[in-house]
């Protein structure tokens, strides 16, 4: 390839194109002009256009002038595209504009080298919004949504997303808000096939919430490979009759790991008119662990009142949800309320700020236009009463979601990493039903956190294994059966770290390696205490180190490494009688000799055993490889399969042990054995 560089005083022409555009399929995109260009030198300029919209076979775009021509002092290019549903796709179509000038030398018709510029215009063709015609309540706490037949061909439409929220949010999407925009409070509840124009919502068989105003929108989804979604439909709402209790409050009054309190309130079934269930009504209130799911069902109240303060449980570490059962004056069961949970607050720590995020699974909406602000309370505001929770801010949850970041900006005081900050959030919600008072106010539990840091704590010191040394190992195993395998190691370390580290440590991680080789350690446990028992081992041998972990999750360097070895043992007898009488018929290592465990083989890995006669000739060989027994179990036969003559024989046994000490890994045993009849 050859590149020619020429000197020129010519300046590049200037090109102006439209902003990126979204357009509804079925409309005409016409710009007159779409692009303009001028030249700083006053030269004539020409605009050209390229891209997918011009080369498709189904209703391609056009531009004029076509073919492009040089124009002065300004060039213009018009654009027109009659779009349709087959142009819908997730990625935008691209139109590339090219401008070039026609520079001339002074007094000459010979052109100078031309300069060009390129710019790209993105056009997203979006599916038209479906049109919901009606939403009507049905029996059994359900609704039916109906919409017009969609105007795009089923060959390109894969189905329809069904979106739902409690209470209205009458937003109108902007030109490029494709699908359901974020932050609207709508929840995707289902996706239908492309051949339907109605949907029955019963909340997956759970039943919709009594008294709630439900609002719906739908979005068309298009098939791959083009993909894409339509604009969201219009909003249509309906209200489910309140023929069951309506929970209006689940508010944490006291945060405590054992003695927490939550106040629950509900309304009677104000739409219940069936004479089969006469008042006065009786209620049973049930508590369940978590946001939903019905786990840990506990009856906490039974009676005619419509409020109850639940006490004596852990509100610090988890949320709870409640359900009310309704009984008539004849003690006949009528119906149940929907589940409603407490508000649970999480805190995410950074080095200079704390981010709060809260959630609740409730039958009402906590993101409503009428009451958009949730309140944030925090301690360490009043210097005379640092434990008092003070209102520090409010957050508009319809625009910002259920999140808040505290940098200390509200009072101009930066957060300090040595102070624990505690927060409570008060939410505001609504059923969207004028018969239910609003706002529905609920407090979260009190959640606390420090700022995070990137500095690891000091490593723990003086790690030791205290349960045994070699002597104690032997003493411990003296009375254990030969097949004993329930070993353990007890670790302790100094709980007093250096002063600047002690307050920051939250737990210790324990790492173990069978061999102690670098890279072989793995995490086997964590504890807040300065001790740890490693259970369920098949031997004593192993090495350990521990690390300290601070409240920010930073992990210290390892402590000292400590190792403990096995205490191996192996002993062979010096007489056996292979005469088939069932007593002492084989030559084998001592094991379980009449419940005498003192001579049990311990921590033996393998045995190589050879027998020689009095002339030094090898007459028998044994190896415990291939899963053979380390006990040998020699029946007195030689390598040729013949029984050896009675007499004294000599043996050499090479035994490998499972130990860490290389000097103790292998031992050679030499001795004699008397083979008797």
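Restricting region 521-540 to residues that are modelled with pLDDT under 95 and in a loop (DSSP other than H, G, I, E, B) leaves a set whose member that is surrounded by the most Cβ atoms within 10 Å (Cβ to Cβ) is 540. Number of residues in region 225-241 that are over 33 Å from the mean Cα position of the chain (by Cα), closer than 22 Å to residue 169 by Cβ and in a loop (DSSP other than H, G, I, E, B) equals 2. Would you say residue 655 is farther than 16 Å from residue 590 by Cα, in the same structural domain as residue 581 (by the TED database), surrounded by 13 or more Cβ atoms within 10 Å (Cβ to Cβ) and at pLDDT 95 or above? It is false that residue 655 is farther than 16 Å from residue 590 by Cα, in the same structural domain as residue 581 (by the TED database), surrounded by 13 or more Cβ atoms within 10 Å (Cβ to Cβ) and at pLDDT 95 or above.
When residue 399 is tested against (1) without any contact (Cβ under 8 Å) to a residue 60 or more places away in the chain; (2) within 26 Å of residue 164 (Cα to Cα); (3) loosely packed, with under 14 Cβ neighbours inside 10 Å, exactly one condition is not met: (1). Could we say that residue 209 is assigned to a loop (DSSP other than H, G, I, E, B), out of contact with any helix residue (DSSP H, G or I) (no Cβ under 7 Å at 6 or more places or on another chain) and under 25 Å from residue 371 (Cβ atoms) here? So residue 209 fits the description; yes.
Within region 149-176, residues that are outside the structural domain of residue 398 (by the TED database) and at positive phi have Cβ atoms under 6 Å from residues that are outside any strand (DSSP E or B) and crowded, with 20+ Cβ neighbours inside 10 Å in these pairs: 167/368; 167/432, counting only partners at least 6 apart in sequence or on another chain. Note on region 1-26: residues that are without any contact (Cβ under 8 Å) to a residue 60 or more places away in the chain and either within 48 Å of the chain's Cα centre (by Cα) or surrounded by 17 or more Cβ atoms within 10 Å (Cβ to Cβ) (or both) total 2.
Any residue in region 116-124 that is free of Cβ contacts under 8 Å to residues at least 60 places away in the same chain, surrounded by 16 or more Cβ atoms within 10 Å (Cβ to Cβ) and not in a loop (DSSP other than H, G, I, E, B)? There is no residue in region 116-124 that is free of Cβ contacts under 8 Å to residues at least 60 places away in the same chain, surrounded by 16 or more Cβ atoms within 10 Å (Cβ to Cβ) and not in a loop (DSSP other than H, G, I, E, B).
Do the conditions hold for residue 381, that is, is it under 27 Å from the mean Cα position of the chain (by Cα), closer than 18 Å to residue 353 by Cα, surrounded by 15 or more Cβ atoms within 10 Å (Cβ to Cβ) and not assigned by the TED database to the domain that holds residue 266? Taking the combined requirement at face value, the residue does not satisfy it.
Would you check if there is a residue in region 282-290 being part of a loop (DSSP other than H, G, I, E, B) and surrounded by 12 or more Cβ atoms within 10 Å (Cβ to Cβ)? Yes, some residue in region 282-290 is part of a loop (DSSP other than H, G, I, E, B) and surrounded by 12 or more Cβ atoms within 10 Å (Cβ to Cβ). The set of residues in region 599-628 that are surrounded by 13 or more Cβ atoms within 10 Å (Cβ to Cβ), in contact (Cβ under 8 Å) with a residue 24 or more places away in the chain and not in a strand (DSSP E or B) comprises 599, 600, 601, 603, 613.
Identify, please: which residue in region 27-77 is surrounded by 13 or more Cβ atoms within 10 Å (Cβ to Cβ) and in contact with a helix residue (DSSP H, G or I) (Cβ under 7 Å, 6 or more places away or on another chain) and is, among those, farthest from residue 98 (Cα to Cα)? My answer is 60. Which of the residues belonging to region 293-306 are surrounded by fewer than 15 Cβ atoms within 10 Å (Cβ to Cβ) and either within 34 Å of the chain's Cα centre (by Cα) or closer than 13 Å to residue 340 by Cβ (or both)? Scanning region 293-306 gives 293, 294, 295, 296, 297, 298, 299.
Looking at region 369-378, can you tell me whether even one residue there is within 23 Å of residue 453 (Cβ to Cβ) and not assigned by the TED database to the domain that holds residue 552? Yes: region 369-378 contains one or more residues that are within 23 Å of residue 453 (Cβ to Cβ) and not assigned by the TED database to the domain that holds residue 552.
Can we say residue 557 is assigned by the TED database to the domain that holds residue 495 and part of a strand (DSSP E or B)? No.
Within region 79-91, the set of residues being outside any loop (DSSP other than H, G, I, E, B) and either surrounded by 16 or more Cβ atoms within 10 Å (Cβ to Cβ) or touching a helix residue (DSSP H, G or I) at 6+ places or on another chain (Cβ under 8 Å) (or both) comprises 79, 81, 85, 86, 87. Residues that are assigned to a loop (DSSP other than H, G, I, E, B) and surrounded by 17 or more Cβ atoms within 10 Å (Cβ to Cβ) were ranked within region 487-515; the one that is modelled with the highest pLDDT is 504. Screening 134, 144, 149, 182 for residues that are outside any strand (DSSP E or B) and at pLDDT 95 or above leaves exactly one candidate, 149.
The values are calculated or read from the model by the stated rules, or taken from the named source; none is laboratory data. Model, not experiment: these values are computed from the prediction. Because the Cβ atoms are built from the backbone with ideal geometry, glycine has one as well, and the counts that use them run over all protein chains shown.
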